[in-house]
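> My questions all concern the structure below.
The values are calculated or read from the model by the stated rules, or taken from the named source; none is laboratory data. Quick caveat: nothing in here was measured; it's all calculated off a predicted structure. We place every Cβ from the backbone using ideal geometry, glycine too, and count neighbours over all the protein chains shown.
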Amino acid sequence: MKTLPKVAYFSMEIAIDQSLSTYSGGLGFLAGSHMQSAGYLEMPMVGVTMLWSFGYYDQRIGADGKAEVAYVRKHYDFLKDTGIMVDVTVFGQNAKVKAFKVEPELFGTVPIYLLTTDIPENPEEIRKISHRLYDGDEKTRISQEVVLGIAGVKVLQADNYDFDTIHMNEGHALPAAFELLRQYNGDLEKVKRRTVFTTHTPVAAGNEVHWVDTLLEGGFFAGASRERAIQLGGENFSLTVAALRMSRVANAVSQLHGLVANKMWEWVEGRCPIRAITNAVNLHYWQDERIRNAKTSTDLLNAKHEMKQELFKYVAGVTGKRFDPDVLTITWARRFADYKRAWLIFMDKDRITKLLNENKIQLIFAGKFHPDDTMGREMFNNILNLSNSLKNVVLLPNYELELSAMLKKGTDVWMNTPLRPFEASGTSGMSANMNGALHLSSYDGWTVEGTFDGINGYTLNYPGLDDDIPWEERHWKDYECLMSIIENQIIPTYYENKEQWAHLMRQAIRISEAYFNSDRMVIEYFNRVYKPIAKGGVEEDEHASDISVAENPNLDAWTFSNIK
């Protein structure tokens, strides 16, 4: 009798509750939904992540009116001490790694192991490894990956969790594959049988590269030689390339991203197949019960009005601005990275100011930038400055789980403006849809599959969308399309045809419930990625195949030389 494989899901961040600061943004939100749905479906899986003493960071607005990055130590009294401590070597020093655990009954997830070096047994330079998520210091960052991957495998084995496969959620956990390589005496085929990999982005920052000797010094390769490391990831070592060569199968996170990823990495000899499994979010966690229980259009509109009032009470408390629940509210909330273009709607300031002054729209922005991302910080501060001078605009700091949920429930339109094709998925619009917020997005990521223009939302789509044109021209084309949709479709429908607006809301809810619930995603992972890996050997999945890019000429215009 065939049984489901036991899976260990390795992720540098997992967002499962506001009270546990082990995440920075979208990757963590996705991982949290994965853990929640796997728990709900009672799948044989555990999570492995880090216990960050200071979280990602606390985002505040300083006295000078600019963003501040603050680090506040977290103290948790609800984690189980497993009593497990393992050793790893990082940059020539021994590091003791202690394991705590989130039990399933705590948050409704699968069991999750949390690793820390911030214990009295370690010197200060080792303790700081698990202080801050995505530390900007290269050696600290490499050490974090060594702890997650190598110590993670050792902790599972010490706790007698007999995993059939390791799922590396992004390249951060790659040392886990090298630890298996060590345990299998260099037999790469045995490693591949037990390893799968998810690539999350075509953006360079999400595909880490380090000089091989720095990684070797850091203990990243678990004793593998320099020559073997270069064979797998190159001298300027790419974590993504090595992960593709050390896994049995990999997956992209939307159907469009599957095309992009296959085109982007087609030059990698010996890589595994890259399939596409579209991301999703946990319906049970994200959807408000008032939306779930709304039977009629009136019920739906009243529920949204009530949730807007709750959000606007929070907005007033944070910013001093009082928003009107009867005014169309558009929210942009995600990581402040330049390609996500928070600034797009302000390209013609006079045009947007007119709509704001006439009380046609209200704009809410939220999101964190990486502490070392100068461009992201500048973008945040520029919009913060605009929010101080423009009517009906606010920027809310410290975008985390609770604020995210409040925004998705209390907004009318969820705006997503990435530069195509750099948004691999972008899950925030899915949970907004689940709460009756319509998605207004670039034609990128999951939007291609789940936002149907004029049916359940709106997309920036026009002739020549994939023409090879300068980015500045692309920005203006996208902007004109964005504003045309807001002015000529969204505003008239919202104010003049409430029945149609409620119908659009209902369709957004139905489609997100039907397909973009992570229960579907987890089942698909088991059927298309995990299931072929069975105890004692490999069962080939005869029905799964690579995504073809041969008949997609639009991809020819997309270049990723900065990553390759």
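> Say whether the condition of being outside any loop (DSSP other than H, G, I, E, B) and hydroxyl-bearing (Ser, Thr, Tyr) is met by at least one residue in the range 347-356. Working first, answer last.
Going residue by residue through the range 347-356, those that are outside any loop (DSSP other than H, G, I, E, B) are 349-356.
Checking which are hydroxyl-bearing (Ser, Thr, Tyr) leaves us with 353.
Checked the range 347-356: at least one residue is outside any loop (DSSP other than H, G, I, E, B) and hydroxyl-bearing (Ser, Thr, Tyr).
> Among the candidates Glu480, Glu524, Glu513, single out the residue that is over 26 Å from the mean Cα position of the chain (by Cα) and either of a type in the set (D, E, K, R) or in a helix (DSSP H, G or I) (or both).
On the way: Glu524 fails: over 26 Å from the mean Cα position of the chain (by Cα); Glu513 fails: over 26 Å from the mean Cα position of the chain (by Cα).
None of the others qualify; the one that does is Glu480.
> Which of the following residues is buried (at least 23 other Cβ atoms within 10 Å of the Cβ) and either of a type outside the set (Lys, Arg) or over 30 Å from Ile129 (Cα atoms) (or both): Gln287, Gln231?
None of the other options fit; the residue is Gln287.
> Same structure again: Does the range 458-472 contain at least one residue that is among the aromatic types (Phe, Trp, Tyr) and buried (at least 23 other Cβ atoms within 10 Å of the Cβ)?
So far as the range 458-472 goes, yes, one or more of its residues are among the aromatic types (Phe, Trp, Tyr) and buried (at least 23 other Cβ atoms within 10 Å of the Cβ).
> Restricted to the range 338-351, and to residues that are aliphatic (A, V, I, L, M) and surrounded by fewer than 22 Cβ atoms within 10 Å (Cβ to Cβ), which residue is farthest from Gly25 (Cα to Cα)?
Met347
> Looking at (1) among the aromatic types (Phe, Trp, Tyr); (2) in contact (Cβ under 8 Å) with a residue 24 or more places away in the chain; (3) part of a loop (DSSP other than H, G, I, E, B), which is the only condition Tyr458 fails?
(3)
> Can I ask one more? Out of Glu269, Glu227, report the one residue that is modelled with pLDDT of 95 or more, among the acidic types (Asp, Glu) and assigned to a helix (DSSP H, G or I).
Answer to the selection: Glu227.
> Suppose we filter Asp118, Asp81, Asp87 for residues that are at pLDDT 95 or above and not in a strand (DSSP E or B); which single one remains?
Going through Asp118, Asp81, Asp87 in turn, just one is at pLDDT 95 or above and not in a strand (DSSP E or B): Asp118.
> Working only within the range 324-364, note down all residues that are without any contact (Cβ under 8 Å) to a residue 60 or more places away in the chain, hydrophobic (A, V, I, L, M, F, W, C) and touching a Ser or Thr at 6+ places or on another chain (Cβ under 7 Å). Can you show your working first?
Taking the range 324-364 and keeping what is without any contact (Cβ under 8 Å) to a residue 60 or more places away in the chain, we get 324-326, 336, 338, 343, 346, 349-350, 353-354, 356-359, 362-364.
Those still in the list that are hydrophobic (A, V, I, L, M, F, W, C) too: 336, 343, 346, 356, 363-364.
Correct list: Ile364 only.
> Please work out which residue is farthest from Thr329 (Cα to Cα), limiting yourself to the range 478-503 and to residues that are surrounded by 16 or more Cβ atoms within 10 Å (Cβ to Cβ) and without any contact (Cβ under 8 Å) to a residue 40 or more places away in the chain.
Per the criteria, the residue is Cys481.
> Follow-up. Given (1) touching a Lys or Arg at 6+ places or on another chain (Cβ under 7 Å); (2) surrounded by fewer than 16 Cβ atoms within 10 Å (Cβ to Cβ); (3) closer than 17 Å to Ala432 by Cα, where does Ala316 come up short, assuming only one miss?
Among (1) touching a Lys or Arg at 6+ places or on another chain (Cβ under 7 Å); (2) surrounded by fewer than 16 Cβ atoms within 10 Å (Cβ to Cβ); (3) closer than 17 Å to Ala432 by Cα, the lone unmet condition for Ala316 is (3).
> Which of the following residues is of a type in the set (Asp, Glu) and under 30 Å from the mean Cα position of the chain (by Cα): Glu227, Glu179?
On the way: Glu227 fails: under 30 Å from the mean Cα position of the chain (by Cα).
Just one listed residue meets the conditions, Glu179.
> Still on this structure, please answer the following. Applying the selection to the range 365-402, what residues are touching a residue at least 60 places away in the same chain (Cβ under 8 Å) and small (Gly, Ala, Ser)?
Gly367, Ser387
> Kindly check whether there is at least one residue in the range 358-372 that is assigned by TED's automatic domain parsing to the domain that holds Asn398, loosely packed, with under 15 Cβ neighbours inside 10 Å and either at pLDDT below 95 or touching a Leu at 6+ places or on another chain (Cβ under 6 Å) (or both).
Yes, that holds for at least one residue.
> Got a sec? Which of Lys321, Lys308, Lys304 is surrounded by 15 or more Cβ atoms within 10 Å (Cβ to Cβ), in contact (Cβ under 8 Å) with a residue 12 or more places away in the chain and either small (Gly, Ala, Ser) or in contact with a Pro (Cβ under 8 Å, 6 or more places away or on another chain) (or both)?
Testing whether each residue is surrounded by 15 or more Cβ atoms within 10 Å (Cβ to Cβ), in contact (Cβ under 8 Å) with a residue 12 or more places away in the chain and either small (Gly, Ala, Ser) or in contact with a Pro (Cβ under 8 Å, 6 or more places away or on another chain) (or both) leaves just Lys308.
> Here's a follow-up. Given the conditions (1) in contact (Cβ under 8 Å) with a residue 40 or more places away in the chain; (2) under 27 Å from the mean Cα position of the chain (by Cα); (3) surrounded by fewer than 20 Cβ atoms within 10 Å (Cβ to Cβ), which single one is not true for Ala508?
Among (1) in contact (Cβ under 8 Å) with a residue 40 or more places away in the chain; (2) under 27 Å from the mean Cα position of the chain (by Cα); (3) surrounded by fewer than 20 Cβ atoms within 10 Å (Cβ to Cβ), the lone unmet condition for Ala508 is (3).
> Also, I was wondering about something else. Could you please give the count of residues in the range 31-78 that are free of Cβ contacts under 8 Å to residues at least 12 places away in the same chain and closer than 23 Å to Pro397 by Cβ?
The total comes to 5.
> With respect to the numbered conditions (1) within 17 Å of the chain's Cα centre (by Cα); (2) among the charged types (D, E, K, R); (3) within 24 Å of Glu524 (Cβ to Cβ), which one is the sole condition not fulfilled by Glu208?
That leaves (3) as the condition not met.
> I've got another one for you. Mind listing whichever residues of the range 421-448 are outside any helix (DSSP H, G or I) and either outside the structural domain of Gln507 (by TED's automatic domain parsing) or more than 21 Å from Ile485 (Cα to Cα) (or both)?
Phe422, Ala424, Ser425, Thr427, Met434, Asn435
> Got at least one residue in the range 205-225 being within 27 Å of Ser425 (Cβ to Cβ) and surrounded by 23 or more Cβ atoms within 10 Å (Cβ to Cβ)?
yes
> Taking the range 182-198 only, how many residues are among the β-branched types (Val, Ile, Thr) and in contact with an Asp or Glu (Cβ under 7 Å, 6 or more places away or on another chain)?
First, pick out the residues of the range 182-198 that are among the β-branched types (Val, Ile, Thr): 191, 195-196, 198.
In the following step, the residues that additionally are in contact with an Asp or Glu (Cβ under 7 Å, 6 or more places away or on another chain) were identified as 198.
Selection size over the range 182-198: 1.
> Any residue that is part of a helix (DSSP H, G or I) and either under 23 Å from Thr459 (Cα atoms) or at pLDDT below 95 (or both) - is there at least one of those in the range 540-552?
No: the range 540-552 contains no residue that is part of a helix (DSSP H, G or I) and either under 23 Å from Thr459 (Cα atoms) or at pLDDT below 95 (or both).
This table checks each residue for (1) surrounded by 14 or more Cβ atoms within 10 Å (Cβ to Cβ); (2) modelled with pLDDT of 95 or more; (3) in a helix (DSSP H, G or I).
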| site | (1), (2), (3) |
| --- | --- |
| Gly28 | yes, yes, yes |
| Gly32 | yes, yes, yes |
| Ser37 | yes, yes, yes |
| Met43 | yes, yes, no |
| Val48 | yes, yes, no |
| Trp52 | yes, yes, no |
| Ala63 | no, no, no |
| Lys96 | yes, yes, no |
| Ala99 | yes, yes, no |
